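Let me begin by presenting the structure, written as structure tokens, before commenting on it.
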Amino acid sequence: MKDITESSIQKTGCEEGILEPGLMWKAKQSTTARIGIGHTGARYKTNSMLRFLADQAQASDSVFTEVEDAVIKKMNILEIHTKCRNKEDMIVRPDWGRIVEEDQQKLLLDNCKINPDVQIYFGDGLCSPAIGANIPDLFQVISKGLAFEGKVVGTPFFVRYCRVNTARTIGPLLGAKVTCVLIGERPGLSTAESMSAYIAYRPHPKMQESEYTVVSNISRYGIPPVEAAAHIVDLILEILEKKQSGIRVDL
Amino acid sequence: MILKTKLYNKTYEFSSVKDVLAKASEQKSGDILAGVAAESKLERVAAKVVLSELTVKDLYENPSVPYEKDAVTRLIQDDIDAAAYEKLKGTSLGELREWLLSGQTTGEMMLAAGKGLTSEAISGVSKLMGNLDLIYAGSKMKITATCNTTIGEDGVLACRLQPNHPIDDKDGIIASALEGLSYGAGDAVLGVNPAIDTIDSTLSVWEVLENLKNKYQIPTQTCVLSHVTTQMEALKRGGRADLCFQSIAGSEKALAAFGVTLPMLSEANALFHEQGSAKGPNVMYFETGQASELSSSAHFNTDQVTMECRCYGLARHFRPFLVNTVVGFMGPEYIYDSKQLTRAALEDVFNGHLHGLPMGCDVCYTNHMPMDQNDNEALAMLLVNAGCHFMMGVPQGDDIMLMYQSTGFHDLAALREISKKHPIKEFEQWLSKWGFWENGKLGRNAGDFTVLLQ
């Protein structure tokens with residue numbers, strides 16, 4: 001049976017009216033952008049229009065997916081949640097998405113290593129599939145890399161309905177020097193599993209957004225998790241040494 | 001100054017000018033989140049009634065953030081044209097609205113008046129205008145700016161070519177750029193949002209864009225949208241680019257959240273004048289978007305239209321070549337759906353124009369908004385009529401780095417054909433030489449960038 005989403009964007013194109021189709025296909029190898037798609041008048045061909053609709057529908061649907069319990073169980077880690085009660089809260093109440101209430105704070109204090117060099121935790125953010133797709137490779141390589149350098153890595157855990165700024169509470173709570181949040185990004189059409197790392201030196205409630213060092217586009221379609229992990233280890237080591245993070249770190 | 005009124009025998013009272021401005025705003029999820037929005041439709045109308053009787057002077061004397069406390073307020077207030085303000089200070093916002101809409105008032109007169117209006121006054125009058133008012137009045141203003149080419153001439157709809165790539169791959173950026181050129185995109189700027197904000201990466205993408213521009217002799221400008229400090233350092237290391245980019249916000253505190261200060265922007269402007277590759281005189285490219293202040297808790301209980309206006313008040317000090325409101329990128333917690341997005345885009349483009357700015361709009365949405373491409377296309381059509389200077393050109397509207405949807409190369413071509421608007425003249429001639437755009441529509445080689453690779 002036909003499935004228009006089966007073929008990758010890079011293998012989907014329109015040769016009609018193209019002088020050198022070989023050059024077009026070669027250019028398409030370098031990007032997942034929707035190029036070489038032809039046109040009818042100044043509008044899209046039917047095939048490329050339908051493919052766009054399918055991909056946008058999938059991205060839109062993925063925002064409201066929950067991270068399945070099985071995914072967290074498999075990682076064998078603690079789960080806490082923010083003040084949000086569901087995905088709808090998550091969308092319109094970013095202020096709740098950064099609040100970790102007292103009972104949840106207690107769970108962390110009871111279960112996590114205190115005063116580590118680096119605290120890493122995972123958040124669903126706006127893309128739940130990102131957790132299962134990236135965390136296993138990403139976390140393993142980061143924690144091994146840091147341990148190899150003699151750094152103490154805190155106990156990892158998962159925060160449901162998580163925004164980046166949970167770090168402002170969680171960092172000081174656990175007394176970490178560096179806090180690193182690995183969190184699902186707004187999904188795009190080419191992938192519904194991309195994540196970012198937000199890293200801060202001693203985050204606190206009054207910090208500036210610019211004090212985060214950010215690595216984005218982590219996924220098999222962007223910066224692959226293993227490669228991103230190596231980059232993140234280097235960044236964290238540098239942040240630990242300079243005792244500051246954000247755009248002020250000169251890379 | 002009267003801050004109360006009655007509607008259907010019920011009294012509505014407001015605590016301050018700022019409160020009136022916020023409650024007179026059309027509904028936005030961000031203002032609700034901030035706790036400053038009107039609680040009912042009638043309260044919103046009551047605020048508009050009160051606002052219509054406040055004068056330009058009332059707004060001038062009540063900036064959203066006090067003069068002593070905020071560098072952006074000081075910049076805006078100190079830049080006010082004293083003579084233009086004197087003429088207008090006794091005018092009520094209701095009268096100002098009618099004057100802007102009057103058939104006797106030309107675009108030139110509006111722009112002269114705009115110089116005497118603070119950002120709060122401009123925000124205020126826009127809250128008394130319906131969507132068609134904003135389009136009708138806004139379309140009268142002609143605003144030009146010159147970098148290598150001139151944007152804003154009559155009958156022109158320009159386009160920023162946005163060939164982003166998730167890992168800044170050179171060949172990938174070139175591929176999307178060539179595709180865009182073949183559909184007529186790129187006369188406003190060839191502008192890449194880098195995935196990696198470093199000096200080396202900025203230098204390497206600058207080189208890609210400058211090489212493209214020079215190899216094909218494209219009459220346009222180049223820009224990499226990294227942090228302003230990154231671009232300054234890259235320029236000092238011998239890199240070449242035309243435009244200096246920075247995202248800006250409407251308070252000193254919100255700027256700090258972007259890692260930006262006003263002296264930093266002045267330094268960047270001067271540096272790009274001296275060492276950038278553009279002819280100028282306009283070498284800055286700013287991006288804005290309603291509610292960026294709220295997202296960093298730096299809005300001082302002010303509504304998002306007014307804070308956005310203050311970005312324009314800041315921007316006009318630096319005489320930029322481009323200002324772009326990335327209206328749908330912030331997310332549904334600030335601008336919920338298509339209705340709110342349409343309103344915000346029309347407000348931003350009108351308010352930017354009344355500040356004298358060459359205003360573009362990234363007509364866009366994220367996948368967590370209840371919107372789709374149909375909504376985007378309809379808004380783009382409205383903005384063409386509102387005199388919007390430029391929109392984005394992204395391969396089929398799908399930005400594979402920023403993960404949102406904008407306008408596609410095809411969309412810009414269609415908008416130009418429908419509205420009988422053109423690319424910037426020199427660029428149009430360049431397109432026509434390659435057969436990409438001929439006789440006011442896509443040409444014989446449209447969509448075939450391989451002709452550039454022969």
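No value in this document is a laboratory result; all are computed from the given coordinates. Since this is a predicted model, take the numbers as computed values, not measurements. Don't worry about glycine lacking a Cβ; one is built from the backbone with ideal geometry, like all the others, and counts go over all protein chains shown.
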(request) For each of A:241, B:153, B:428, B:207, count neighbouring Cβ atoms within 10 Å of the residue's Cβ, then give the residues from fewest to most. (result) A:241, B:153, B:207, B:428
(request) Compute the convex hull volume of the Cα atoms of region B:118-161, divide it by the residue count, and report the result per residue in Å³ as a whole number. (result) 124 Å³
(request) Give the Rg (one decimal place) followed by the Dmax (whole number) of region B:267-426, computed from C-alpha coordinates and expressed in Å. (result) 15.9, 46
(request) Provide the per-residue ³J(HN,Hα) series for region A:233-244, in order, calculated from phi with Karplus coefficients 6.51, -1.76, 1.60 and θ = phi - 60°, each as a whole number of Hz, with x at glycine and proline positions. (result) 4, 4, 4, 5, 4, 5, 5, 4, 6, 7, 6, 7
(request) Give me B:227, B:273, B:353 ranked fewest to most by other Cβ atoms within 10 Å of their Cβ, as a rough exposure proxy. (result) B:273, B:227, B:353
(request) For residue A:83, go through the lysines and keep the ones whose alpha-carbon is under 19 Å away, minus same-chain ones fewer than eight residues off. (result) A:106
(request) Could you pull out the pairs from B:279/B:420; A:243/B:236; B:41/B:89; B:4/B:41; B:23/B:140; A:87/B:41 whose alpha carbons sit more than 21 Å apart here? (result) B:279/B:420; A:243/B:236; B:41/B:89; B:23/B:140; A:87/B:41
(request) Please state, as a whole number in µm²/s, the translational diffusion coefficient that the Stokes-Einstein equation yields for chain B at 20 °C and 1.002 mPa s, with Rh defined as the Kirkwood radius across alpha carbon pairs. (result) 97 µm²/s
(message) How large are Rg and Dmax for the protein assembly as shown when calculated on the C-alpha trace, in angstrom?
(response) 25.0, 76
(request) Would you kindly state the longest site-free stretch of chain B, with sites defined as chymotrypsin sites (Phe, Trp or Tyr not before Pro) in a DSSP loop (not H, G, I, E, B) surrounded by at most 15 other Cβ atoms within 10 Å? (result) B:217-454
(message) Projecting each Cα onto the charge dipole of the protein assembly as shown (Lys/Arg +1, Asp/Glu -1 at the beta carbon, about the Cα centre), which of A:216, B:104, B:318 comes out farthest on the positive side?
(response) B:104
(message) From the helices alone, meaning DSSP H stretches of at least four residues, give me the mean residue ellipticity at 222 nm for the protein assembly as shown, per-run term -39500 (n - 2.57), in deg cm²/dmol to the nearest 500.
(response) -13000 deg cm²/dmol
(message) Report for the protein assembly as shown the percent antiparallel among DSSP-assigned beta bridges with both residues inside it, nearest 5.
(response) 40 percent
(message) Just to confirm my numbers, what's the Cα centroid distance between region B:155-196 and region A:178-195 in Å?
(response) 24 Å
(message) Can you sort A:168, B:237 from fewest to most other Cβ atoms within 10 Å of each residue's own Cβ?
(response) B:237, A:168
(message) Run the reach check for residue A:2 against lysines, Cα to Cα strictly under 17 Å, same-chain hits fewer than 8 apart removed. What comes back?
(response) A:11
(message) Restricting things to Cα coordinates, could you compute the convex hull volume per residue of chain A in Å³?
(response) 164 Å³
(request) Note down, for region A:99-187, the three equivalent ellipsoid semi-axes (square root of 5 times each alpha carbon gyration tensor eigenvalue), biggest first, whole angstrom. (result) 19, 18, 10
(message) Placing +1 on the Cβ of each Lys and Arg and -1 on the Cβ of each Asp and Glu in the protein assembly as shown, which of A:135, B:182, A:181 has its Cα farthest towards the positive end of the resulting dipole?
(response) B:182
(message) Restricting to Cα pairs below 8 Å that are 6+ residues apart, what does the relative contact order work out to for region B:360-454? Please round to a whole percent.
(response) 21 percent
(request) For region B:28-187, count the residues as N, evaluate 2.2 N^0.38 Å, and divide the Cα radius of gyration by that value, please. (result) 1.35
(request) Send over the Kirkwood Rh of region B:1-66, from the inverse of the averaged 1/r over different Cα pairs, rounded to one decimal Å. (result) 12.0 Å
